[in-house]
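Working notes, structure below.
The values are calculated or read from the model by the stated rules, or taken from the named source; none is laboratory data. This one's a predicted model, so the numbers in the text were calculated from it and none came from an experiment. All Cβ positions, glycine included, derive from the backbone under ideal geometry; neighbour counts span all protein chains shown.
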């Protein structure tokens, strides 16, 4: 049995053991819903009788009961039953009954007995006997609320999560990884470093605080610089547009549930508006502002306007899942024969951007689905071009291929990057679109004087600025590279009589384009240093009599290193160099 299959069987079987333990402890009135295996273990959803609730305080007794059940070495028996038989067996189980009622009358249903007193509706597979779980390394980890079938209109459930691994060493290693991940949680770090905040009045819509906005703009400036170098032109467009635009683009039919709509008098009122969930129509309108020639192509349009997408409240997650964000968007209009060269240039941008952050990344190509639209020959040529590009960048077997999983309007490449904990994040995407140019009747004058339709490439590398900042906040644990940090240098005069020289240092750094802050208050020097260290400023320049006399600074370098008597001009030169070259590590010698 393959490792992944083994883990699935192992974890799914333990979920049944959990359900059986809960029923034995809290009574047969317990309603048990579903209990799938997940990436690091399993969970099970329950509702409990009136007056019964389960919290982390109950974990020891539940775990002990689970181990007791495993030690019984009970046989597991798979049975095939009819819909009528299943309805009778699970007559007292509301959620199982609802699942059964949704099946066809002639469907064969499978269930598993664990011993003679617990049966669960399940496709399996499972262990043959509980003794196979004797060495199980599992641990209940949390309790949370959930809704039946993920719908907030349905019953509220109690979800019990558990870790499960083949042995204690693997469980211990995973818990250490989780501990490290919690320490890196961007929501926690964002609060500590005063980067961003959320407010109930605008759920899922981040407020960027002064320090965070400096970081955001440093990232944006770098992004703009790269795109200027690659021939992109930045635009800005309306955040609100009439319904008719979204009908033409197809968003109204395919994405209306994800849009914030400002209704008119009735459904057909032409003055119905919507906040834009995507920037594509803005780029299209700019392209169509005047007649276009083949000589202009490719036309590369980038845009960072705010966009809004409705999400369920339970799905919001810091900067990772928001309702307002700024896509690092670009829409490129090309002739069919330019697709390959343009995709290759986009891949070079991705390599440059990810490389600056020291991030490794991979690619996944999704090809033509059954419901594709457009010329099959154009699809075939585009897919072959994309495969060739990915083979050149990642090697013949260095990328994933998802046959038939592309969008109906064109094939796509998804870019995934790994962080310091080895976690994989879906960030960038490159999508060919043969449909939107058709919807909007977009044209250009070809070399022979005829009108032709361009191909649109939708493209993002970060995914969105918000999400990418969330990812790198966790990757760097809040210790951003020098060029990106909100403030790069903090100036600390030892006493107030050193403020005059401290202000000179501050002015010289600021003039050189360094983001600098200072504390001139009549306070203990160590208190000031401690405050700036809490913000993870890369360099804290301490100045006193000696520094003022010699035009130097003494540096506290992030990571608890120190460097004394550094000439101010040399320090500024070093800072400017780091802004230009963007190294990942701080310079700690001169």
(1) assigned to a loop (DSSP other than H, G, I, E, B); (2) free of Cβ contacts under 8 Å to residues at least 24 places away in the same chain; (3) within 30 Å of residue 447 (Cβ to Cβ) all hold for residue 337 apart from (1)
Checking residue 105 against (1) assigned to a helix (DSSP H, G or I); (2) in contact with a helix residue (DSSP H, G or I) (Cβ under 8 Å, 6 or more places away or on another chain): exactly one of these is not met. Which one? (1)
For the range 73-102, what are the residues that are in contact with a helix residue (DSSP H, G or I) (Cβ under 6 Å, 6 or more places away or on another chain) and assigned to a loop (DSSP other than H, G, I, E, B)? 73, 74, 90
Subset of the range 398-415 [surrounded by fewer than 16 Cβ atoms within 10 Å (Cβ to Cβ) and in a strand (DSSP E or B)]: 400, 401, 402
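Residue by residue through the range 349-358, note down the ones that are out of contact with any helix residue (DSSP H, G or I) (no Cβ under 7 Å at 6 or more places or on another chain) and touching a residue at least 40 places away in the same chain (Cβ under 8 Å). Quick ask: steps written out before the conclusion?
Restricting attention to the range 349-358, the residues satisfying the condition of being out of contact with any helix residue (DSSP H, G or I) (no Cβ under 7 Å at 6 or more places or on another chain) are 350-351, 354-356, 358.
Hits for the range 349-358 are 350, 351, 354, 356, 358.
Quick check: anything in the range 8-21 in the same structural domain as residue 121 (by TED's automatic domain parsing), free of Cβ contacts under 8 Å to residues at least 24 places away in the same chain and either surrounded by fewer than 22 Cβ atoms within 10 Å (Cβ to Cβ) or farther than 26 Å from residue 123 by Cβ (or both)?
There is no residue in the range 8-21 that is in the same structural domain as residue 121 (by TED's automatic domain parsing), free of Cβ contacts under 8 Å to residues at least 24 places away in the same chain and either surrounded by fewer than 22 Cβ atoms within 10 Å (Cβ to Cβ) or farther than 26 Å from residue 123 by Cβ (or both).
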Out of the residues in the range 153-169 that are surrounded by 14 or more Cβ atoms within 10 Å (Cβ to Cβ) and part of a loop (DSSP other than H, G, I, E, B), state the one that is modelled with the highest pLDDT. 155
One residue is enough: does the range 201-215 have a residue meeting the conditions farther than 16 Å from residue 306 by Cβ and in contact with a helix residue (DSSP H, G or I) (Cβ under 6 Å, 6 or more places away or on another chain)? no
Filter result (assigned to a loop (DSSP other than H, G, I, E, B) and under 11 Å from residue 502 (Cα atoms)) within the range 535-564: 544, 551
Taking residue 510, is it at pLDDT 95 or above, under 27 Å from residue 191 (Cα atoms) and either over 44 Å from the mean Cα position of the chain (by Cα) or assigned to a loop (DSSP other than H, G, I, E, B) (or both)? no
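To keep it simple, each residue is scored yes or no on (1) more than 12 Å from the chain's Cα centre (by Cα); (2) within 26 Å of residue 283 (Cβ to Cβ); (3) surrounded by fewer than 21 Cβ atoms within 10 Å (Cβ to Cβ); (4) at pLDDT below 95.
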position: 446; (1), (2), (3), (4): yes, yes, yes, no
position: 452; (1), (2), (3), (4): yes, yes, yes, no
position: 455; (1), (2), (3), (4): yes, yes, no, yes
position: 469; (1), (2), (3), (4): no, yes, no, no
position: 480; (1), (2), (3), (4): yes, no, no, no
position: 487; (1), (2), (3), (4): yes, no, yes, no
position: 490; (1), (2), (3), (4): yes, no, no, no
position: 495; (1), (2), (3), (4): yes, no, yes, no
Single condition residue 371 does not satisfy, out of (1) within 28 Å of residue 285 (Cβ to Cβ); (2) in a loop (DSSP other than H, G, I, E, B); (3) in contact with a strand residue (DSSP E or B) (Cβ under 6 Å, 6 or more places away or on another chain): (3)
The range 273-307: number of residues that are outside the structural domain of residue 441 (by TED's automatic domain parsing), under 23 Å from residue 325 (Cα atoms) and assigned to a loop (DSSP other than H, G, I, E, B): 4
So if I check each of 533, 510, 503, 528, which one is touching a strand residue (DSSP E or B) at 6+ places or on another chain (Cβ under 8 Å) and without any contact (Cβ under 8 Å) to a residue 12 or more places away in the chain? 510
Positions within the range 340-394 being within 26 Å of the chain's Cα centre (by Cα) and at positive phi, in sequence order: 358
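Among the residues of the range 81-109 satisfying the criterion of being more than 23 Å from residue 147 (Cα to Cα), touching a strand residue (DSSP E or B) at 6+ places or on another chain (Cβ under 6 Å) and modelled with pLDDT of 90 or more, which is surrounded by the most Cβ atoms within 10 Å (Cβ to Cβ)?
Among those residues, the one meeting the criterion is 86.
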Do we have any residue at all in the range 47-60 that's under 22 Å from residue 126 (Cβ atoms) and touching a helix residue (DSSP H, G or I) at 6+ places or on another chain (Cβ under 9 Å)? no
Within the range 35-67, residues part of a helix (DSSP H, G or I), surrounded by fewer than 17 Cβ atoms within 10 Å (Cβ to Cβ) and either touching a strand residue (DSSP E or B) at 6+ places or on another chain (Cβ under 7 Å) or touching a residue at least 24 places away in the same chain (Cβ under 8 Å) (or both) come out as 56, 61, 63
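Looking only at helices (runs of 4 or more DSSP H) that lie completely in the range 170-268, which have at least 1 residues being assigned by TED's automatic domain parsing to the domain that holds residue 320, touching a residue at least 40 places away in the same chain (Cβ under 8 Å) and over 30 Å from residue 41 (Cβ atoms)?
210-229
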So for the range 184-200 (the condition being over 23 Å from the mean Cα position of the chain (by Cα) and surrounded by 14 or more Cβ atoms within 10 Å (Cβ to Cβ)), does at least one residue qualify? no
By residue number, the members of the range 22-34 that are touching a residue at least 60 places away in the same chain (Cβ under 8 Å), surrounded by fewer than 20 Cβ atoms within 10 Å (Cβ to Cβ) and in a loop (DSSP other than H, G, I, E, B) are 28
